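Colleague: Questions regarding the structure given below will be posed in turn.
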Amino acid sequence: MNPLDAILRPKSIAVVGTSRRAGSIGREILHQLIEFDFNGKLFPVNPKAEFIHSIKAFPTVLSIPDPVDLAIIVVPRGEVLGVVDDCGKKGVKGLVVITAGFSESGEEGKRFEAELGDRVERYGMRMIGPNCMGVINTEPTVRMDATFAPTLPLAGRIAFMSQSGALGVAILNIAGQLDIGFSHFVSLGNKTDVSGNDLLQYWEDDAQTDLILMYLESFGNAQQFMQICRRISKRKPLLVVKSGRTEAGARAATSHTGTLATRQGLDIATDALMDQCGVIRVNTVEQLFDLALAFSKNPLPRGNRLGILTNAGGPAIMATDAAIANGLSMASFTERTRRELRRLLPPEASIQNPVDMTPQSDRSKYDACARILLEDDGMDMLLVVFVPPMMISAMDIILGLEELRHRYRKPVVAVMMAPEEFFTQLNRDHPNHLALYIFPESAVNALAALDRYRVWRERPVGELQRFEVRRGAAEELIQEVHQQGRAQLSVEESLRLIGYYGIRVAESTTVANLEELERVAEGLRYPVVLKAVAPELVHKMEAGAVGIDLRDARELLAAAEKMTQSVARYRGQAAGAAENLGFLVQEYVRGGREIIVGMTQDPTYGSLVMFGLGGIYVETVKDVVFRVPPLTDLEAQEMIRHIRGFRLLEGVRGEAPVDLQALAGILARFSQLVEELPELAEIEINPLLVFPDARDFRAVDARVRLCQTQEMTSGRR
């Protein structure tokens, strides 16, 4: 027995707080359980009524003579804890607390909710809520609608979880109109006990569930969510609407990585998490249902080649544009297919893809042409567009397609530009029909999502690499910086840190001031690069704090003098001031392509690793990609291929490609560094110069910031 069976597959339910008053939530929930024909015992609980809904009522849960699996609690907030105590003493194993007024209402509500959670744990119960709208299970052996939604659910094979009760009511209404059925529906509420991760694990092996939909406002344990979804998504599709934005950026970011990750409007952490674990994210509930229709009524395609069959040119052109924009390919039909189409269709029809049959085409033409296209091995999915003329029945067209889609193992969806009355009649007379859309773009987006999921299912998992590194030396360096009361590592220290993890760095020498630079200048090996070093010099180019390709001691010292003046102006100091200004002298690394590798902390997700084109234009071009560590070898390779500038790394106009395998290895090493050194708040290598020969790779600049105490507690998963 799964502990959640007491909530989702109960054999007996007590509705605590039910009432005789029509319209009250307690009475509506009891009414829904009866109306949906719950296959178990029902016990209304109300101390002031002997019978409710013609069923014997009981004054308390403890007075019920039979065992109770689930208690639905709909009493005022002040009475909830007492009811929970009664349920615990009775041996009830599952609770659904509909009552609101807890953490969502303020500090007092938070205290009530904390006590509620403690008592549920003390009695060994599991609880949905508080502040939720209930749960549904349409399984024939259960048939439980324990909600106050006005629409009875349709049975299906989709499990749905929602953090919003109000949205849950709307979703049930819309699902009925779209002919979408559920296996389970759960309104999570405040997630005091049962979380979204708990439900995902429950549905992972649920034989009644083939597809999982989620409306999420927040994550509890994002890392666990990622691990669970990676597992489930190889077997069952997961579609998510994630509302809200991360609160990263509450502190001032000191690196390009932090700035890019926290830029307003970029929900980067969520996108990275979803991409890595195979979850298909959509932006709206409308898109969620568009995809749910396609996934619940179609097999996965064998490829991305789309065929379009239409009786109107305009919608077909729109569908074609949407297909190309979504990465689908327009199928090329065989000569046999074109020959059969030409035999069937009038001369003015187009037998290319899209196939335009002209407005006079009736069911027989649609049936025959759709069959010919579905039998073409060069087409993986079919989109049928029908704009109803006066003389042809839209219902006939759909019924013909309905017969065909069960005969061929290819996705078939249709765009039906018909009045609302048609859809109402179709849902009533022919439930479980094929996926229908009003607009061509919606249909194509759904088919593209089917193909993206196919690619994910077929993709290997990848391996998590572990390298021999000098972790102990890195930890000693961090401890030393902490003991000095610093959070920011110097450039030399930052380069040394990443060098401990096997990332090649440019040879460097640090001097404390101009006088020390003069003493060592004659002994250096030229050419060199000179960089001014000071705590506030984060963006050195802007301060004029970098000198390149210096050929001898004279050029080096002249550059240092000029740099001193420039930094003084940047600091707003008097001319010639050089207080606390040190210098870093590095070997001059010629050529190479500049990339950036970085990490920043997100308050919800923890570490985010960034990769992209580097150098001085990184924040202007913003050609970067984020992922949540740890990175597998395949994820590291995909990060590299995901940026728009990947062609530059492959080599253009005769350039040799950089060593991409070695570059992926650096990302894997960097991921290991991030995972093993939790004291890091931000780290950035920019630029890392990469070449066709991995032995030439060099990190020439880096910065590292350590976590403060509060960041260590709140910024980690």
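Read-outs: derived from the displayed coordinates by stated rules, not from any lab. The structure displayed is predicted, hence computed values, not measured ones. Note: ideal-geometry Cβ built from the backbone for every residue, glycine included; neighbour counts use all protein chains shown.
Colleague: Per residue of the stretch 175-190, in order, report the coupling 6.51 cos²θ - 1.76 cosθ + 1.60 (Karplus, θ = phi - 60°) as ³J(HN,Hα) in whole Hz, putting x for Gly and Pro.
Modeller: 4, x, 5, 9, 6, 10, x, 10, 8, 9, 9, 10, 8, 6, x, 7
Colleague: Using 0.36 nm per residue of separation minus the Cα-Cα distance, give me the extension gain between V520 and E115 in nm, one decimal.
Modeller: Extra length available between V520 and E115 comes to 139.0 nm.
Colleague: Now for a different question. Measure nothing but the geometry: give the 0 to 90° angle between the long axis through the Cα atoms of 394-405 and the longest principal axis through the Cα atoms of the chain, rounded to 10°.
Modeller: 70 degrees
Colleague: In units of 2.2 N^0.38 Å, what is the alpha-carbon radius of gyration of the chain? Walk me through the numbers on the way to the answer.
Modeller: Details: Rg = 31.8 Å, N = 717, 2.2 N^0.38 = 26.8 Å.
This ratio for the chain stands at 1.19.
Colleague: Follow-up. Give the separation of the Cα centroids, the stretch 159-188 to the stretch 319-353, in Å.
Modeller: Between the Cα centres of the stretch 159-188 and the stretch 319-353 lies a distance of 38 Å.
Colleague: How many nm separate the modelled label positions at H53 and R409, each set 7 Å beyond the Cα in the direction of the Cβ?
Modeller: Taking the two extended label points, one gets 4.5 nm.
Colleague: Looking only at the chain, where both bridge partners belong to it, what percent of the DSSP beta bridges are antiparallel (to the nearest 5)?
Modeller: The antiparallel proportion sits near 50 percent.
Colleague: So, one more: If packing is taken as the average number of other Cβ atoms within 10 Å across a peptide's residues, how do 500-513, 375-388, 645-658 rank, most packed first?
Modeller: Packing order, densest peptide first, comes out as 375-388, 500-513, 645-658.
Colleague: Place a label point 7 angstrom from the Cα of E676 along the Cα-to-Cβ direction, then list the residues of the stretch 499-520 whose backbone nitrogen is under 19 Å away.
Modeller: Correct set: 499-505.
Colleague: Label point 7 Å out from E35 along Cα-to-Cβ: which residues of the stretch 178-207 have amide N under 19 Å?
Modeller: Within reach of a label on E35: 178-187.
Colleague: Here's something else I'd like to know. Using the basic label-point model (7 angstrom from Cα toward the beta carbon), what is the Q484 to E420 distance in nanometres?
Modeller: 7.0 nm
Colleague: Using 0.36 nm per residue of separation minus the Cα-Cα distance, give me the extension gain between E458 and Y588 in nm, one decimal. Let's see the in-between values first.
Modeller: Numbers: separation 130, 0.36 × 130 = 46.80 nm, distance 4.51 nm.
This chain segment gains 42.3 nm when fully extended.
Colleague: Further question: Efficiency by 1/(1 + (r/R0)^6): what FRET value for N432 and R466, r their Cβ-Cβ distance, R0 = 56 Å, to the nearest 0.05?
Modeller: Details: r = 50 Å, r/R0 = 0.89.
In this case the efficiency is close to 0.65.
Colleague: Got a sec to turn the phi values of the stretch 640-651 into Karplus ³J(HN,Hα) couplings, 6.51 cos²θ - 1.76 cosθ + 1.60 with θ = phi - 60°, whole Hz, x for Gly and Pro?
Modeller: Per-residue couplings from phi come out as 5, 6, 7, 6, 5, x, 4, 4, 5, 6, 5, x Hz.
Colleague: Report, for the stretch 1-76, the % of DSSP beta bridges that are antiparallel, rounded to 5.
Modeller: DSSP beta bridges in the stretch 1-76 are roughly 15 percent antiparallel.
Colleague: Could you sort out which of K242/K297; K11/K242; K110/K622; K90/K110; K297/K365; K56/K191 sit more than 30 Å apart by Cα distance in this structure?
Modeller: Working: K242/K297 24 Å; K11/K242 34 Å; K110/K622 41 Å; K90/K110 26 Å; K297/K365 24 Å; K56/K191 32 Å.
Among K242/K297; K11/K242; K110/K622; K90/K110; K297/K365; K56/K191, the Cα-Cα distance tops 30 Å for K11/K242; K110/K622; K56/K191.
Colleague: Turning to a different aspect of this structure: Against the longest alpha carbon principal axis of the chain, how many degrees, from 0 to 90 and to the nearest 10, is the axis of helix 268-277 turned?
Modeller: It is inclined by approximately 70 degrees.
Colleague: Going by average Cβ neighbours within 10 Å, how do the peptides 583-591, 695-703 rank, with the highest at the top?
Modeller: Ranked by mean Cβ neighbours within 10 Å, highest first: 695-703, 583-591.
Colleague: Between S63 and R342, what is the FRET efficiency for a Förster distance of 56 Å, r being their Cβ-Cβ separation, to the nearest 0.05? Mind dumping the intermediate values first?
Modeller: Values: r = 79 Å, r/R0 = 1.41.
Using R0 = 56 Å, I get an efficiency of 0.10.
Colleague: Taking the alpha carbon gyration tensor of the stretch 545-679, what are the square roots of 5 times its eigenvalues, largest first, to the nearest whole Å?
Modeller: On the way: eigenvalues 236, 92, 38 Å².
Taking √(5λ) for each eigenvalue gives 34, 21, 14 Å, largest first.
Colleague: Going by Cβ distance under 4.7 Å, what cysteines of the chain have no possible disulfide partner?
Modeller: C87, C132, C369, C707 - these cysteines have no disulfide-compatible partner (Cβ-Cβ under 4.7 Å) in the chain.
Colleague: Return the long-range amide H neighbours of S195 (sequence gap of 5 or more, or a different chain), with a cut-off of under 5 Å between placed amide H atoms.
Modeller: Hits under the 5 Å cutoff: none.
Colleague: Report, in degrees rounded to the nearest 10, the 0 to 90 angle that the Cα long axis of helix 313-325 makes with the longest principal axis of the chain.
Modeller: Relative to the chain, helix 313-325 is tipped by roughly 40 degrees.
Colleague: When ranked by the protection proxy of mean other Cβ atoms within 10 Å per residue, highest first, what sequence do the peptides 143-152, 225-234 form? If you can, show how the numbers build up before the last one.
Modeller: Numbers: 143-152: 20.8, 225-234: 18.3.
In descending order of packing, they fall as 143-152, 225-234.
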